[in-house]
Structure formats: structure tokens, C-alpha cells
Amino acid sequence: MNTTELQYDPQDVELKAQERWREKKFDQVGEDPSKPKFYLLEMFPYPSGKIHMGHVRNYTIGDVVARYKRMRGFNVLHPMGWDAFGMPAENAAIENKVHPAEWTRNNIRAMRDQLKRMGFSYDWSRELATCDPEYYRWEQLLFVRMMEKGLAYSKRSLVNWCPKCQTVLANEQVEDGYCWRHSDQEVVKKEMDGWFFKITDYAEELLEWTDKLPGWPERVLTMQRNWIGKSIGALIRFPMEDGGDPIEVFTTRQDTLFGATFMCLAPELPRSREIAAGTDQEPEVRAFIEKTLRVESYLRASDQMVKEGVFTGKYCVNPVTGRKMPVFIANFVVAEYGAGAVMAVPAHDQRDFEFARKYELPVVVVIQPTDRALDPDAMTEAYVDEGILVNSGEFDGLPNREAMDRIVDYLDSKGLGRRTVSYRLRDWGISRQRFWGAPIPVIYCDKCGTVPVPESDLPVILPEEAQLRENGGSPLPHLDSFVNVPCPRCGGPGRRETDTMDTFVESSWYFARFSCADYDEGPLDPERVNYWMPVNHYIGGIEHAILHLLYSRFYVKVMRDFGLLKVDEPFTNLLTQGMVCHETYECPVHGYLFPSEVSELKCPVCGGPVTVGPKVKMSKSKRNVVDPAVLIRNYGADTVRLFCLFASPPERDLEWSEQGVDGASRFLGRVWRLVTERMDDLRNVTPYRMETPLNGILKQLHRKTHQTIKKVTDDIEDRFHFNTAIAAVMELTNLVYKVLDESEESDKAALSVAAEAIETLLTLLFPFVPHIAEELWMHYTGGRELISRPWPEYHPESIVEDEIEIAVQVNGKLRSQIVVERDADRETLERTALSDERIRKWLEGKTIRKVIVVPGRLVNVVVS
RNA sequence: GCGAGAGUGGCGGAACCGGUAGACGCACUGGACUUAGGAUCCAGCGGUUAAUCACCGUAGGGGUUCGAAUCCCCUCUCUCGCACCA
């Protein structure tokens, strides 16, 4: 065979390799106690129809680690599945008159093909789709068990409603008052019945464990801590003057209790609506509540919002001072936090202060700073810092920090209040008025009330025959065959719950199910799940920092408490990869343009000038997406993989660059030619195995080979910095070219050292660009496979340089370099440096004050 | 406002512990090969400068140190998260 004619054809190389790997089933794993396990997972995709660059990047990073860990001898679980329930399927169904199930399954098929085409090494035997009854039946079982334990419950509440989605959203799914899926759709408040998971029961544990996850980015942990929002304070009861039910207030500033002069309630509270009933104040109060609730909550939370309220005509009593406190309803009180009621201390809280000035309410100073005296009439803002208590009865003279404890003890002993902890975290509302989701397994019976579907009747199968409704609403409530069922308890007429579960429920435990996707005796096979869990490394986008990652942590703790698995946390290490960004092209008349249609910065529609916008995340609306399918067709999967890995480290944003892809492609071509052009020569030598000592450039190449092994290993192992790992392999490639260029055709020694380098560089490249690496390896070895080869080890004695360059500085500035023996001692270094010609010039006429010698690094001569 | 992170050539990014700033790649420039090249190979490539072995240079200012992109203080800018949380 004349190997020089071998052309690099990525399509041919990649399809052949993929076919081979499929037959050999390298990616399928079982539980093998003799090997250390490694569970590597990337966030599974929603089957939208085709993969985008974000997927490609995410899964490429994961595949590198999976392949690397396999070569290191780990038993690697690397599964893939589909987060298959959700809105887009329903929208597509309405638009294209295709059933969501069919649409979803077609999409899964298409995307699976694309992932396979990328050469990702998944264990496809464990594939799962969350819309499959065999998956969601176990989710329904967990729901029923959670109901039994009181962890799932229903209640009527004010919920976030998205008119576009025609469904309720969780707090976590509302962003600045807008729907997380529809950035142009305001979320409205609506009172509805719904099911909740009691995630608040786990608030403390979820918070505690944020300190025990060293493998997570600090950023994500901080976001979760903020979201849980723990504050320690007191619950204080304020009796009503007219003897009505007392008002309970949560405060973290019980030290200011003696300064509380009025009370504020959130307009959302049922109490607020009732408090003025039948009095002269009623119309005014009612009007204020209606007006405030009409304003969207996100607007109410903004700085521009003027603090307003209405007096209810009622008074409560400060339990420690006996002062009559007027009760207001105020727009700045957040219903969801604490008790939705605030004891207002205008002297020491800025909001209360503003409110008091506006409505001319009394200001009582109870904390005095040590450096001046506050005058309540002259104050222009609240005093919120530390100080000494005054006007506080027996607590006068105490530093306010100390008073916090003392006052809460006092309240407790008098039965007026108690210590308490409040969390910002709310229970997770999981009811969705959607069709394409897992049915909530509950039946309502007039006689028996709310009855869970018995475990033996599960799954409650989503009736796929249901016809979707044009307005986007769920067809389930209108499907008599689904709704009308006998009560499982009494056999009388019952009505089935028609809401489905939030799709985040499915994604909160799929990672555990991957350990035993075919298990049919329960959600999790104890033996297998305890072998594989926890996930050693989880990789996905930062956008899930709260939602998915918090829900999953909660779910694992619930499953642990049910005895289903034995871990406390799902993910030991977390890598949040950056976004894939691209510049935007915008015509002032025609809006965003597809980059491929813009030439010479002219609008393809009107010919007018086009502005190049900032680099932002690829998105359909910005029209700046690049389709990976096109790239694969033009360059092949290896080039696309290499580009994603080389352009930036994984946690940073990746800037799309056409030239960057060309560069990646060029490097692969260079590697291809390096091996194929000298194939016959290289095959006739055995790779250098340190039989004979080397000199000069050959020694340098051998050293570089081993240095590269170390560099690539360290970069993958410590930091996932694939960009620098690849740079190191590029350097090695450049040096092999140089050596082969400079040596005679028949120079056996050169060929042998080059062979060692090539063998190494193909192995090192395998996790990154597996197809081309293996193809070249097979040519080179005459048919052996690279995939089953272990990761190379470097020889420590080979990487040390015997002569090194040492920097010589004069007063900290680089002035010369000297070449010395690797282990030259301080004295030699100093002597050599001082006798260096250039250095001598710098020392002329100066006095040497000091010579600093850092062996192996530099010499610094301090002169004056 | 609070919290976290970042700021390095024309660009993406290196420099991991305070020790030769700019690895590797892109773009660009020059050359070779060639009928041709948008292929490939070689060389150059932070700025000032005719040039240098000189000077300047890691957002800006100050400090610690023999020595600072790296540590400390102040200022500016950007990104992200939270935000009337009592």
C-alpha cells in the first residue's frame, strides 16, 4: 500500500470507527467490584429535535472525561437519556397536528443519531425517556409514598400563572416577574388548588450540606444558600386591642421591639381582607388591596416603588410597652416571607422610617449609637447599626447584640413569643395544568376525600389518545374516560386528578435510575444504585444552579430517607460549563439576521448597513445559532470536538469562531500527514524504549514526549483544562515534524524516537478526537485498536532537563540568561551569573548589595 | 443596595506556589512550492524606535518585596446571582 496517497476523509474515518465501537460494545458496563467505579454524567437533553452547540460542548467535555477514565482503568458509567415531557411537544402538537408522543419519539430518534454521529461513548443499553410509563410509574410510586409521609400535600394558594403556558409555575421558574420560558409573558397571581412537595422540611439539611460539597463551584453553592435564605429571629405575638386574634410577626430584630410603633400587613394575606370588614374603613382598605395586587409583584419589589399603605382602623398592642399600634396594610410587606406581617420600628429600619414620615407616625429611638445621640424628630434616615438600648425598660444599657437573646428569652418566659428560624425557601409547587407530563396519581372521592392511587394500580398512564385543544389548555379534564374512575377506597364515583407533575420532578432522580434503568421491581435496584451512586462528576449549564440542582439534592435526601439509596448528596463534583456565544448581526429595519446570510455587512433584505452586535449566547431569537449538523458534514465530528475543547476552558463562555474551526481542522490534517507520510519508515522501527542514551534534538523529543504525558494527564486530572492539554499535544506534534525534517530518511534512531512520540500523541489525543486517533493507530500498528489501550505513563527520569536556562536579573529586571547544569548549586549559579558578559556590563561602577539565587529558576543581583 | 467572579497583544487564551509575561491557536505580514491556491511548508508578529543589548507594558492609582498579571489598600469597568426578607 502506498500510504502517502491516504487522504484524511473525516466522514469515512468516523463512520468506520463508530461502526467498530458499536459492535464491540466498549461503552456498556456492568457492576464490577474488582474495579474502581466512576459515574460520569452530563445533564440529559430535552428532545427538541436536533442538538445545538451547547449540547455538543457539554457532551464533548463529558466524553473526554469518560474515555480518559476508562483508559485509567475505571469502570465508567456514562449514560444518556431524554428529559422528554414538557411544553414544546404540546406546542408542536397544536401547530403541526402531530401527537406530542410521536413528535417526542421522532425527535429522540433524530437526536440519538446525532449524538452517535459525534462519537460520544454512551452506554445506550441504559437509555431512558421520562415520558415512558416504565419511567414515570416509579415517580408516581414515589409521589404516593411522599403523600403517606406528608411530604406531598395539596393546598389552595396564590400561585404564579403563565397565561402562555396555561399553567402554574414554581417560584423558581419566575424570573423578574416573567415566565422562565416566555421572556415576554408576565406571570400573574391566581388562587388555585395544587400539590406541593415539602422541600422546606429539608431546608436545614440542604443548607448544611452546602458546606460539605467541596467539588461544587462556590458560585452555585452561594446561589443555593441565598435561595434557601435562612434567618434566625423571633416570632412575636401582638394582641389586638379589640380582643381579636393576635397578629404574629417574624423579626430578626427583636432587640428593637420597644421601638415598634405600628404594624404592617401584606395585602395578600386573607387577614388583610377581613380586618376592616364592616367598618367605615372597609371600602378604602378594599380599594388599596385591589390596587396593590393589580401591580405585578416584580414591580412592587423594585426600588422605584413608593411605599404606600392604608390604615385599617384597628390597633394592636405592643406586648412589652403596651403602646397602641395602628395596623396598616402596606405594599412593601412580602406575603411569602416570615408571617407576612412586619412590626414597624421606624427609628431603626429605613422602610419603616419612610413609611412613618409619610403617614406621620411616631418614631421611638431604642438604640443609641455610642458616638452621638439620636433625636427622633431630627432624624432623616433610620439608624440601622449597632448601639446601646434605651427606652427599653429593663434592657436599657445592653448592647443590642446581647439584647437580641435576652429579649427573646423574656418573650418566651412570658408566653409572648419564641425563637424561630425562617427560610426564604417555599414548598415546591409541582401541579401543572398541562397534558404532556406524568399524571399525579390521586383520585378525589366525595366520601373518602383525596385518595392516592394504590401502588398496584400504577402507573396512571397518560392517555395518548387525547386530542389537544387549540387554546393550549390540557385536554385531560375533558376526557371522561380518564377523569371518571371508581374511588379505590369505597368503590363509589371518583374523579381523577387531571394535573400533571412539573417536569423537574422527572429530572430530580433520573441520574439514580440510570444505574438500573431496566429494574422492574421498584424505582431503584438497591444493589446497583448503591454501587454506582453518587455521580462522581456532573456536567451541565449554570442555568440550572438553583432549579434542577436543588430539587435533585432534595429528592435524593427523600429517597435516602425512604431507604431507596444510601447517599446524602447526588453529585460529588459539579462542573458548570459556560455558554456558547456568537456575535449578532442586526439590521435597523429588519432586526436580527442569520450570520450566514450577511455579506459585507449588508442586509440581505434591504441592502442597508448591518451592525455587528455583542457576543451573546446562541439563540433562535438572536438568529446567531450555528447548526452542529452542518459542521459535522463539513468538517467531521473530531474537528467539532477539538474546536469546542481548544477554544476555551470549560467553565468559561466559548466564543464561536469559523476560523477556530478551520484551525482545529488544520491541526488534525497535520497529525494525519505526520503519521501517514512516513508510515512505511515508522513501521520498520520499534519505538524508542530507552535502550540507548540519546543526545541533542532526539533527547529533547524523548523528553518532550514524556513531559507532554505529564502535562496532559495533569490538565485533565486536576482542572479539566483541555485547552492547555491540547496545546501541549500541538507542541509535541510540532517538534516531531522538526525532528523528522532534520534527520536523514534512514536515521533509525530518529525514527525510533519519533515513533515513540507519535504513539504517545495518538494515545493522548484519543479522548479528545477518538476517531482519527484510532484510525491512525490502526494504520500504524497494522490493525490493532486504540480504544482498549491504557493511558500512557511518563518516566520521571525522562522529563527532567539536564541543562536549563536560568534568568539573570539586575535589580529585578531581566538582563541575561545563562545555561547551566540542571542541579547546579547556588554557588555555581551565582558565579556563572556574575561572570556573564552582559551582566558584567550592568554591574560596572555599581556596588553589589545582595545576590538572590533561586536554584532552577533565576539569579537576581541587587546593586546600587 | 448586597453577594460572587472577572479585567493580560488585533482576537480566543497561557503563565498552577510571588521568579524569563504573552505558551498554543486564530488573524495579519513576508517568503517557498506552484498553471493556480482559500492547500501545504518556512519565517516574523505587545508598544515606542531607523535600530538596539534601551525604554514602556497584564483596567487605573498606591503599597509590600531583591522581584508582583499573581499578595494588600483605593478607584474604575464589565458579567452573573439575589434584591422592600422585617
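Data table
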quantity	calculated
Residues (part of a loop (DSSP other than H, G, I, E, B) and closer than 17 Å to residue A:332 by Cβ) located in segment A:264-290	A:266, A:267, A:268, A:269
Lone unmet requirement of (1) closer than 27 Å to residue A:682 by Cβ; (2) among the aliphatic types (A, V, I, L, M); (3) loosely packed, with under 15 Cβ neighbours inside 10 Å for residue A:776	(3)
Selection from segment A:519-535 of residues that are in contact (Cβ under 8 Å) with a residue 24 or more places away in the chain and not β-branched (Val, Ile, Thr)	A:520, A:522, A:523, A:524, A:526, A:527, A:528, A:530, A:531, A:532, A:533, A:534
Count of segment A:648-691 residues which are out of contact with any Gly (no Cβ under 8 Å at 6 or more places or on another chain), open to solvent by 80 Å² or more (accessible area, probe 1.4 Å) and either under 25 Å from residue A:774 (Cα atoms) or among the polar types (S, T, N, Q) (or both)	7
Cβ pairs under 6 Å, 6+ apart, first in segment A:143-162 and farther than 23 Å from residue A:293 by Cβ and in a helix (DSSP H, G or I), second open to solvent by less than 10 Å² (accessible area, probe 1.4 Å) and of a type in the set (Gly, Ala, Ser)	A:143/A:152; A:146/A:152
Residue in segment A:599-616 that is closer than 25 Å to residue A:110 by Cβ, touching a residue at least 12 places away in the same chain (Cβ under 8 Å) and either of a type in the set (Gly, Ala, Ser) or within 16 Å of RNA strand B (Cβ to nearest atom) (or both) present	no
Count of segment A:312-334 residues which are of a type outside the set (S, T, N, Q) and either part of a loop (DSSP other than H, G, I, E, B) or open to solvent by 40 Å² or more (accessible area, probe 1.4 Å) (or both)	10
Complete set of residues in segment A:494-503 that are out of contact with any strand residue (DSSP E or B) (no Cβ under 7 Å at 6 or more places or on another chain) and surrounded by fewer than 22 Cβ atoms within 10 Å (Cβ to Cβ)	A:498
Residue in segment A:542-560 that is out of contact with any helix residue (DSSP H, G or I) (no Cβ under 9 Å at 6 or more places or on another chain), modelled with pLDDT of 95 or more and open to solvent by 10 Å² or more (accessible area, probe 1.4 Å) present	yes
Strands (runs of 3 or more DSSP E) completely within segment A:188-260 that count 3 or more residues being at pLDDT 90 or above and more than 14 Å from RNA strand B (Cβ to nearest atom)	A:188-197
Some residue of segment A:780-799 being out of contact with any Phe, Trp or Tyr (no Cβ under 8 Å at 6 or more places or on another chain), buried (at least 18 other Cβ atoms within 10 Å of the Cβ) and of a type in the set (A, V, I, L, M, F, W, C)	no
Failed condition for residue A:63, given (1) touching a strand residue (DSSP E or B) at 6+ places or on another chain (Cβ under 7 Å); (2) open to solvent by less than 10 Å² (accessible area, probe 1.4 Å)	(1)
Wholly enclosed helices (runs of 4 or more DSSP H) of segment A:1-113 bearing at least 1 residues free of Cβ contacts under 8 Å to residues at least 12 places away in the same chain and among the polar types (S, T, N, Q)	A:87-96
Among (1) surrounded by 13 or more Cβ atoms within 10 Å (Cβ to Cβ); (2) within 9 Å of RNA strand B (Cβ to nearest atom); (3) at pLDDT below 85 - the single one residue A:837 does not satisfy	(1)
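The values are calculated or read from the model by the stated rules, or taken from the named source; none is laboratory data. Fair warning: this is a prediction, and the values are worked out from it, not measured in the lab. Glycine also receives a Cβ, built like all others from the backbone with ideal geometry; neighbour counts cover every protein chain displayed. Accessible surface areas use protein heavy atoms only, side chains included; no ligands, DNA or RNA. Shrake-Rupley method; radii C 1.70, N 1.55, O 1.52, S 1.80 Å.
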